[in-house]
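Engineer: I have a structure here, written as structure tokens, and I will follow up with some questions on it.
Values in this text are rule-based calculations from the coordinates and carry no lab data. Keep in mind that what you see is a predicted model, and the values were worked out from it rather than measured. As a convention, Cβ positions derive from the backbone with ideal geometry for all residues, glycine included, and neighbour counts pool all protein chains shown.
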Amino acid sequence: MIVDILLVLCVNLSDEPDPPEVKNMRRSEPLDIQNATLDERNWAAHLIAASEPWITLKTSLEQCLAICSDPGYMTYIAHLSGQPCGAIILHPRGLASSPYIKTVVVAEAYRNRGVGEGMITFAENHFRENSKHLFLCVSSFNKKAQTFYERLGFLPVGEFKDYVIEGESELLLYKRLR
């Protein structure tokens, strides 16, 4: 018999006031972030493959399915009112033994509601105790994402020219956690 164990991690678990990074989110209901089930990993892969910047980067559904099922990555799903609304994929030692955010994606109906910010805050809180640094890459053509990450305190520290597609770069961003 196979037993699925769900690790439930919530951003807002009590009646205590939200910390400042959660309080500023543009949604009224709490964001519930859970370790992805097998079905949710499949949902996340389909969402990624059908979203920008992965369309422009020519990332196939098969590649997304492989990443979402890779045991080396930590895949979490954000829920609002019990419905999946976003995914974040983390690598605990992705860059120079520091955690790396591989992917952040929010379903279109839930964008601009603080879901992305909530998932980034979740990752920061998850790694803060044991890591000083957090990294991610963003495509040079994805100006909206660059602005989003910079607003959350990420700073550019490197550029990989023509890394995924010719004529564009992947920008390495960094945030100090403590």
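Engineer: Could you quote the convex hull projected area for region 30-176, Cα atoms only and averaged over all directions, in nm²?
Structural biologist: 8.3
Engineer: Residues of region 70-95 with backbone nitrogen within less than 13 Å of a virtual label 7 Å along the Cα-to-Cβ line of N130, please, listed as ranges.
Structural biologist: Within reach of a label on N130: 74, 91-94.
Engineer: Could you grab the Rg to Rh ratio for region 97-178? Cα atoms only, Kirkwood for Rh.
Structural biologist: 0.97
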